[in-house]
Amino acid sequence: MCGRFALAVDLKTLIEAFGITSAPDELTPRFNIAPSQQVVGIRQATDGARSLNFFRWGLIPHWAKDPAIGYKMINARAETAAEKPSFRSLFRTRRCLIPASAFFEWQREGKEKIPFCIRNKNGKPLAFAGLWERWQGAKGPIETCAILTTEANEAMAKLHNRMPVILADQTIEPWLNPGIGAGIGEAAFLQSLLSPSPAEKLEIYQVDSLVNSPRNDIPACLEPVVEADQ
C-alpha cells in the first residue's frame, strides 16, 4: 500500500521533470503527507498540455452520499482497478500522476513498527500512477485522488507485500494521454504499464520514528537514522 509520502522538491524541478505547462505560483514542500490531506497531481489535456492540480488524497466516488468514504480509498489495486465499480470509468478517462520525492513504509519488529523511506537512487521525483474524481458536495465540487498499488518488488517485499505503482519515464505519456482508454484492448494496455518498479532503482533506508505522526511535517522525516558508534 501507500499511506504516507513526501514531496520535498521545488516547483521548477517538478515542472522540468514532468513537462508541466500550467502550475500554481508556488508549492510548499511537504515531508510527511497523510491521507485526507491536500496533494498535487498532474493531468494531461487532449492537446497534450499538462497541468499541476490540487486534490484531496482519498477518492470519493461521484455517487457517494458520505465523503468519509474517501478515508478508505486512498489506494486502488492496479490489478483490479479497471474492473471495480468505483474505479473502472476513472481508469478509462481520469488518470493522473501523483509526484513524490519519497514514500514511507513500516516494518514490524515485535510490538514496534520501524519506519523506512524509499526514494529514487538517482534523486529524481517519483511518478505514482493515480486516478482522480470530482464529487459534488454541499459547498461545491471536491476533486480527490487515489494512488494505484501493485505487488512489491523483491526489496520492498521485506517491508510490505504492496507498493505504489511508480511509472517509468516511457510509460508516463500513455498513462496520462486522455485519448487512450476507451478503445478495445486499451484498458489491458494501460494495465500493462503498472508493473513494480525494479528494486535496483530504489534506495531504502531507516528513518526516525517521528514520521509516525503526520503532525511532524519537517525535513527530519527524510533523514536516515545514524547508528551510534559501538
Consider ALA187 carefully, then state whether it is aliphatic (A, V, I, L, M) and either outside any helix (DSSP H, G or I) or free of Cβ contacts under 8 Å to residues at least 12 places away in the same chain (or both).
no
Residue among ILE60, ILE74, ILE33 that alone is among the β-branched types (Val, Ile, Thr), buried (at least 19 other Cβ atoms within 10 Å of the Cβ) and more than 30 Å from ASP208 (Cβ to Cβ)
ILE60
Restricting to the range 108-153, give me the number of residues that are farther than 22 Å from ILE42 by Cβ and either surrounded by 14 or more Cβ atoms within 10 Å (Cβ to Cβ) or hydrophobic (A, V, I, L, M, F, W, C) (or both).
8
Hey, any hits in the range 157-165 for a residue that's in contact with a helix residue (DSSP H, G or I) (Cβ under 6 Å, 6 or more places away or on another chain) and farther than 21 Å from LYS124 by Cα?
no
In the range 19-53, residue farthest from THR93 (Cα to Cα) [restricted to those that are within 16 Å of the chain's Cα centre (by Cα) and either of a type in the set (Val, Ile, Thr) or at pLDDT below 95 (or both)]
ILE33
By residue number, the members of the range 81-102 that are within 17 Å of the chain's Cα centre (by Cα) and under 30 Å from TRP63 (Cα atoms) are ALA81, PHE87, LEU90, PHE91, ARG94, ARG95, CYS96, LEU97, ILE98, PRO99, ALA100
Would you say THR144 is hydroxyl-bearing (Ser, Thr, Tyr) and without any contact (Cβ under 8 Å) to a residue 24 or more places away in the chain?
no
Set LEU167, LEU193, LEU202, LEU176: member being modelled with pLDDT of 95 or more, farther than 23 Å from SER51 by Cα, under 20 Å from the mean Cα position of the chain (by Cα) and not small (Gly, Ala, Ser)
LEU202
Is it the case that ASP217 is in contact (Cβ under 8 Å) with a residue 60 or more places away in the chain, of a type outside the set (Val, Ile, Thr), farther than 23 Å from ASN161 by Cα and surrounded by 12 or more Cβ atoms within 10 Å (Cβ to Cβ)?
yes
Hey, can you tell me all the residues within the range 1-55 that are at positive phi and out of contact with any strand residue (DSSP E or B) (no Cβ under 7 Å at 6 or more places or on another chain)?
GLY48
Heads up, the strands (runs of 3 or more DSSP E) in the range 1-92 (entirely inside) with at least 2 residues that are of a type in the set (Phe, Trp, Tyr) and under 21 Å from ASP217 (Cα atoms) are 50-57
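The values are calculated or read from the model by the stated rules, or taken from the named source; none is laboratory data. These figures come from a predicted structure and were not determined experimentally. Because the Cβ atoms are built from the backbone with ideal geometry, glycine has one as well, and the counts that use them run over all protein chains shown.
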